[in-house]
Each structure stands twice: as structure tokens, then as C-alpha cells.
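Student: Okay, here's the structure, questions in a sec.
The values are calculated or read from the model by the stated rules, or taken from the named source; none is laboratory data. Being a predicted model, the structure only gives us computed values, none of them experimental. Positions of Cβ are generated from backbone atoms using ideal geometry, with glycine treated the same way; all protein chains shown enter the neighbour counts. Note: accessible area is taken over every heavy atom of the protein model, side chains too, but ligands, DNA and RNA are not part of it. Shrake-Rupley method; radii C 1.70, N 1.55, O 1.52, S 1.80 Å.
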Amino acid sequence: MTATLQRILASEFPSWLDRSCTEYIGDLVVQGASPEQARLMAVASMLRSFPDGAQSPGNEIFHVMSEAGEPVGYLWIGQDVSADPGAWWVWDIVINADQRGQGFGRAAMLLGQEYARTQGAHTLGLSVFAFNTGARGLYESLGYETTSVKMLKKLD
């Protein structure tokens, strides 16, 4: 299995933004937010990264492409929000549900790491929801280490 990264076109950005926001809303709801809270949080997050609703410097969005040249997901990577230009972040990675378990996530992460390295990155961080055990296992197998843990208790 071989995968490649292909930058999304400016004309594709609005539909990608909608998809990424929708994915994030779903994750936040699974994590315990109400649908309305999740929508507000996701929209605010996207506005911070893309204040004009368009691609912005420091953010690279790629299609993850199969050997057949078909998109099987996406990777959003870029500089993190610190003052360190060598600190990069995986903001979002999604492999289409019907393509998971075939190595595309691993390939995308490795390609993303190499891309970040060519841009001067010396670290690459990410966040992962605790419920996403498959992704957590992948990241650990790639050498990512837990640097913080956020915990929550619902008080019914």
C-alpha cells in the first residue's frame, strides 16, 4: 500500500472546512458536549485557524491519496500556536471509514512528519480524544508520547 499527499485546491477548501468542522462536532458530542455546544466550539476553533474562511498561512491541508489516485481522507498540519517556528502540529487527520485499517493513517502520518521536517519542524504534536483508541495506538506505535492528560467527571 502506497499513499501520497496532495494539497487541496482553493476551490476545495470550503467543502473541506465543512467536513472537518462536522467531524470535530461529532467528536465533541461523543466526548460529552451537547450538539449546540459542540457546534459553537468547532466553529470558534475553525475561525481561529481560518479567520477569513479561506486557507491561511501556516496551515497545510492535504488529501491522503491511495495508489489508485483516489482521496481516502485528509491531513491538516502546520505550525503550532507557540512562538517556536520549529514546533508543528497535526491539527486533524481523518481517513474515510471504509478505508481505515489499511495503513493509510500510518502512511499519512509518516508523510506529514517528513513534510514538517522539510519545513523546518523539529517537533510534531497532536491531540487525540481518549475514546479514539485506534488512533492512540497508531500514534504510540509511531513514537508519539503522552505529554498531558485532561480528565473530566460529570456531576449529574
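Student: Identify, please: which residue in region 126-151 is in a helix (DSSP H, G or I) and either touching a strand residue (DSSP E or B) at 6+ places or on another chain (Cβ under 6 Å) or among the polar types (S, T, N, Q) (or both) and is, among those, least open to solvent (accessible area, probe 1.4 Å)?
Tutor: Of the residues in region 126-151, the ones in a helix (DSSP H, G or I) are 133-141.
Still in the list and also either touching a strand residue (DSSP E or B) at 6+ places or on another chain (Cβ under 6 Å) or among the polar types (S, T, N, Q) (or both): 133, 141.
Details: Thr133: 98, Ser141: 70 Å².
Checked region 126-151; the qualifying residue least open to solvent (accessible area, probe 1.4 Å) is Ser141.
Student: If I filter region 14-21 for residues that are over 14 Å from Asn96 (Cβ atoms) and touching an Asp or Glu at 6+ places or on another chain (Cβ under 9 Å), do I get at least one hit?
Tutor: Taking every residue of region 14-21 in turn, none turns out to be over 14 Å from Asn96 (Cβ atoms) and touching an Asp or Glu at 6+ places or on another chain (Cβ under 9 Å).
Student: Do the conditions hold for Pro57, that is, is it in a loop (DSSP other than H, G, I, E, B) and within 23 Å of Pro14 (Cβ to Cβ)?
Tutor: When the stated conditions are applied, Pro57 passes them.
Student: If you don't mind, there's one more thing I want to ask. Against the conditions (1) farther than 18 Å from Arg136 by Cα; (2) open to solvent by 40 Å² or more (accessible area, probe 1.4 Å); (3) free of Cβ contacts under 8 Å to residues at least 60 places away in the same chain; (4) not in a helix (DSSP H, G or I), where does Gly101 fall short? Just the number, please.
Tutor: (1)
Student: Can you pull out the residues in region 65-90 that are open to solvent by 50 Å² or more (accessible area, probe 1.4 Å), in a strand (DSSP E or B) and at pLDDT below 95?
Tutor: Gln79, Trp89
Student: Consider only pairs whose beta carbons are under 6 Å apart and that are at least six residues apart or on different chains; among these, list those whose first residue lies in region 114-129 and is over 12 Å from Pro85 (Cα atoms) and whose second residue is open to solvent by 60 Å² or more (accessible area, probe 1.4 Å) and among the hydrophobic types (A, V, I, L, M, F, W, C).
Tutor: Listed pairs, sorted by first residue: Gly125/Trp89.
Student: Without any contact (Cβ under 8 Å) to a residue 60 or more places away in the chain, in contact with a Lys or Arg (Cβ under 8 Å, 6 or more places away or on another chain) and either surrounded by 11 or more Cβ atoms within 10 Å (Cβ to Cβ) or not acidic (Asp, Glu) (or both): is that true of Ile61 in this structure? Break it down into steps so the answer makes sense when it comes.
Tutor: On the way: without any contact (Cβ under 8 Å) to a residue 60 or more places away in the chain: yes; in contact with a Lys or Arg (Cβ under 8 Å, 6 or more places away or on another chain): yes; either surrounded by 11 or more Cβ atoms within 10 Å (Cβ to Cβ) or not acidic (Asp, Glu) (or both): yes.
Answer is yes for this residue.
Student: Restricting to region 1-51, give me the number of residues that are in a loop (DSSP other than H, G, I, E, B) and under 16 Å from Gly78 (Cβ atoms).
Tutor: So in region 1-51, the residues in a loop (DSSP other than H, G, I, E, B) come out as 1-3, 8-9, 32-34, 50-51.
Pick out the ones that are also under 16 Å from Gly78 (Cβ atoms) and you get 8, 50-51.
Count: 3.
Student: Of the residues that make up region 114-125, is at least one open to solvent by less than 40 Å² (accessible area, probe 1.4 Å) and either among the polar types (S, T, N, Q) or closer than 21 Å to Asp27 by Cβ (or both)?
Tutor: The answer is yes; a qualifying residue exists.
Student: Continuing with this model, one more query. Cβ-Cβ distance below 9 Å, separation of 6 or more or different chains: which pairs start in region 25-49 with a residue that is open to solvent by less than 50 Å² (accessible area, probe 1.4 Å) and end on one that is assigned to a helix (DSSP H, G or I) and hydroxyl-bearing (Ser, Thr, Tyr)?
Tutor: Between residues of region 25-49 that are open to solvent by less than 50 Å² (accessible area, probe 1.4 Å) and residues that are assigned to a helix (DSSP H, G or I) and hydroxyl-bearing (Ser, Thr, Tyr), the close pairs are Ala38/Tyr24; Ala42/Ser20; Ala42/Thr22; Ala42/Tyr24; Ser45/Tyr24; Met46/Ser20; Met46/Tyr24.
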